[in-house]
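Structure record follows, encoded as structure tokens.
Here, each number is a calculation from the coordinates, and none is a lab measurement. The structure presented is a predicted model; accordingly, all values stated were derived computationally and were not measured. A quick note on method: Cβ atoms are made from the backbone with ideal geometry, for glycine too, and the neighbour counts reach across all protein chains shown.
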Amino acid sequence: MQQTTSYPLLKVQDLRVTFNTLGGKVSAVDGISFSLQRGQCLCIVGESGCGKSVTARSILRLVQSAHTEGRILFSPQGSESTIDLVTMDAKGREIQAIRGNDIAMIFQEPMTSLTPVYTVGEQIVETILRHQRISKAAAWERAVELLQLVGLPDSRRRVHDYPHQMSGGMRQRVMIAMALSCQPQILIADEPTTALDVTVQAQILRLLDRLRRELNMGLIMITHDLAVVSKMADEVLVMYLGQAVEQTPVRQFFENPRHPYSQGLLNSMVLPQTKPKQALIPIPGSVPNPLDRPTGCRFSNRCPAVHDRCQMPPPVVELPDNQKVACWLYTEGAASNAVSTNE
Ligand SMILES: Nc1ncnc2c1ncn2[C@@H]1O[C@H](COP(=O)(O)OP(=O)(O)O)[C@@H](O)[C@H]1O
Ligand SMILES: [Mg+2]
């Protein structure tokens, strides 16, 4: 498949998502921007509560009861036009035609997408028939093919199983099959392997990687597991308290992480390149409550390199090798490269 337009498949600009809670306004996503090209895998990383899932779900306008601002520009294959998903009614027909069809999502827990009362075949067929004009018999045949594609053994028989008759790994494969049923251009996977054991996790990751290449899909993969990032990513977006602290090609992320938060994440986890007996250093403290976060740099109260200037929001600095970092450490000599602040 060739790219027919010069636009990226997806361009998110200054995305902001705010919830009204009893405790006050929670800005879960606060000015996130990124692009995704066809065939590319973007990994979004960060500790729990940093806004990764809200970012992913807002692309499909699945975040209920929130105020969403910014732009989410989708350029469908073969179309010269770009659609801004933010302007769509979250419950309207337009977004429903895109959801599950052009852009599909798989979740951490398969049972959030599978219902226990229908067989997996019935559920895949229903998704296919919702978006495609083909006969029921052809949709069943397609369901079996999809289950074969995701490596479900004996799929012609198992298509008639109920979700509870399957293992966690099999259910996750069914969910991937369902997500792929309409050949989406973008697949968003939110911690798709966290609930699985290591062997099954590796199989599912290999499967996603193969499908991305074969179908030339854009893949957005959300994870807090940096081993997953090293296997899958082309680009890495590091989120902290609703903001992007670093955005970088994957090689630079592992070889030369710039933001102290990225460095902290890498030092605190076992990675393929971690040497035996190498000490892991946890990041001190925990992600603050979003209603009570530090002013200025949001990482400042946990940062080993904290300085007086960190009471001001750091500018986003563009470094060589396509690395962008929001940190005062990189402003000297690079002041002219500062493009904006994170506030
Ligand atoms: N429906 C909601 N109402 C209020 N706050 C929410 C809601 N959903 C998420 N949040 C808040 O948004 C922040 C980001 O959440 P989330 O995107 O789930 O984080 P992550 O996926 O990185 O762990 C959290 O502080 C969370 O409490
Ligand atoms: Mg999440």
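Listed values, structure above:
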| read-out | value |
| --- | --- |
| Helices (runs of 4 or more DSSP H) fully within the stretch 120-162 counting 2 or more residues that are polar (S, T, N, Q) | 120-131 |
| Hits in the stretch 187-238 (condition: touching a residue at least 40 places away in the same chain (Cβ under 8 Å), within 16 Å of ligand 1 (Cβ to nearest atom) and of a type in the set (S, T, N, Q)) | Thr194, Thr223 |
| Thr87, sole failed condition from (1) surrounded by fewer than 20 Cβ atoms within 10 Å (Cβ to Cβ); (2) in contact with a Lys or Arg (Cβ under 7 Å, 6 or more places away or on another chain) | (2) |
| Arg61 being in contact with a helix residue (DSSP H, G or I) (Cβ under 6 Å, 6 or more places away or on another chain) and farther than 24 Å from Met232 by Cα | yes |
| Residues located in the stretch 236-290, provided they are more than 18 Å from Ser300 (Cα to Cα) and either crowded, with 21+ Cβ neighbours inside 10 Å or touching a Lys or Arg at 6+ places or on another chain (Cβ under 7 Å) (or both) | Val236, Leu237, Gln247, Thr248, Phe253 |
| Any hit, the stretch 177-191, residues being within 16 Å of ligand 2 (Cβ to nearest atom), surrounded by 14 or more Cβ atoms within 10 Å (Cβ to Cβ) and in a loop (DSSP other than H, G, I, E, B) | yes |
| Long-range neighbours under 9 Å by Cβ, at least six apart or interchain, first residue farther than 15 Å from Cys50 by Cβ within the stretch 239-268, second in a loop (DSSP other than H, G, I, E, B) and of a type in the set (Asp, Glu) | Thr248/Asp321; Pro249/Asp234; Pro249/Asp321; Val250/Asp234; Arg251/Asp321; Gln252/Asp321; Asn256/Asp321 |
| Cross-chain or 6+ apart pairs with Cβ under 6 Å, the stretch 45-64 first and among the hydroxyl-bearing types (Ser, Thr, Tyr), then near ligand 2 (Cβ under 9 Å from one of its atoms) and not in a helix (DSSP H, G or I) | Ser53/Asp190 |
| The stretch 46-84 - residue that is among the β-branched types (Val, Ile, Thr) and surrounded by fewer than 20 Cβ atoms within 10 Å (Cβ to Cβ) and, of those, nearest to Asn101 (Cα to Cα) | Ile83 |
| Ile59 more than 13 Å from ligand 1 (Cβ to nearest atom) and within 26 Å of His224 (Cα to Cα) | no |
